[in-house]
Amino acid sequence: MMGGEIVKKQKIHEKTSGRHYSAVVLLVAFCVLSALVFVGAWQARLELPPYVGKKLTRSETDEVIARNSPLASYVHLSPNADFPRKSEIKKITIHHMGANLTLERLGESFAKKDRKASSNYGIDINGKVAIYVEEENRSWASSNAENDDMAVTIEVANETIGGDWRVSDEAYETLIELCTDICWRNGIEELVYTGDTNGNLTIHNMFREDTECPGYYLESRMADIAEKVNKNLNSS
Ligand SMILES: [Zn+2]
C-alpha cells in the first residue's frame, strides 16, 4: 500500500469514529435530560403546596383565611385534595359530619392520607368555621370528582347522632352566612336547589346512594338555605 493511501484511510477512520463519538455524547445527554425532566415531574406530583399538612403559625393561618372565607377562625390544610381544582367555583355541596366533632378533630381526621377524604370547610356545633382545603383546590368530599371540581364543600357538625341528624341553630346560621360569603366572593349570583345535580346547591347523597349525608334535617332545609342565601345576596 502506498504511504499516501494509508494516511487517507486513517483520516477517513478518524472522521467516522469522531461522528460515532458525537452521536454517543448526544444520546447520553438526551437520556440524562429526559431522566431529569421525568424526576422533576414526578417530584412536582408528590410535593404538596406549602402550608399543607403542617401546623401553621398565627400569621400563616391569617394568610390562608385572607385567601378564603373571613368567617373562618381555624386552619388545618389536608393533603387529601387536588391542587389546584380544574374548574371555576360554580356550586356549593353540603355534608354533615355524621358526628359531633370539634374543628381540630375533623382536621386531624382529614390530615390522614389513607382516609382519602376532606372538605373545603367545616362548621362545628358552636358555629365556628375551619378551612381544610383552600377554595382554589378540589376537596375529596362528595364521591364525585366532577362535582367537587366545581363545588365548595362544607361539613357541618351534628347535634343529634342518627335519626334526623339535627344540626345546632348556631351551625345552621353559620352555614347560611358561609354559603352567602362563598357566593358573594366567587360571583355566584343565585343559589338554586333543584333536588338533583342540575342545581348549584348539591348534597352528598345525590352522588352516592349508600350515604345518608347530609342527613334528613339539613336535606329537608336545602330550599330554605337557598332562599335565605339569595335574600342575603340581594340585600348586600
Ligand atoms: Zn358527605
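So Thr174 fits all but one of (1) within 16 Å of the ligand (Cβ to nearest atom); (2) buried (at least 20 other Cβ atoms within 10 Å of the Cβ); (3) over 22 Å from Lys86 (Cβ atoms); what number is the exception?
The one condition Thr174 does not meet is (1).
So, in the range 132-160, of the ones that are of a type in the set (Ser, Thr, Tyr) and surrounded by 19 or more Cβ atoms within 10 Å (Cβ to Cβ), which residue ends up farthest from the ligand (Cβ to nearest atom)?
It comes out as Tyr132.
Within the group Ser168, Ser142, which residue is within 14 Å of His96 (Cα to Cα), in contact with a Ser or Thr (Cβ under 8 Å, 6 or more places away or on another chain) and at pLDDT 95 or above?
The match here is Ser142.
Please find, among Val229, Val129, the residue that is surrounded by 23 or more Cβ atoms within 10 Å (Cβ to Cβ), within 20 Å of the chain's Cα centre (by Cα), away from the ligand (no atom under 16 Å from the Cβ) and more than 22 Å from Lys86 (Cα to Cα).
One residue alone meets the criteria, Val129.
Take the residues in the range 66-94 that are under 24 Å from Leu56 (Cβ atoms) and within 16 Å of the ligand (Cβ to nearest atom), then tell me which one is surrounded by the fewest Cβ atoms within 10 Å (Cβ to Cβ).
Step by step, filter the range 66-94, then rank; the result is Asn80.
Wholly within the range 148-236, which helices (runs of 4 or more DSSP H) include no fewer than the required count, namely at least 3 residues that are touching a Phe, Trp or Tyr at 6+ places or on another chain (Cβ under 8 Å) and at negative phi?
On the way: elements: 169-186, 215-219, 222-235.
Here the list reads 215-219, 222-235.
The values are calculated or read from the model by the stated rules, or taken from the named source; none is laboratory data. This is a predicted model, so every value here is computed, not measured. FYI the Cβ positions are ideal-geometry reconstructions off the backbone, even for glycines, and counts take in every protein chain you see.
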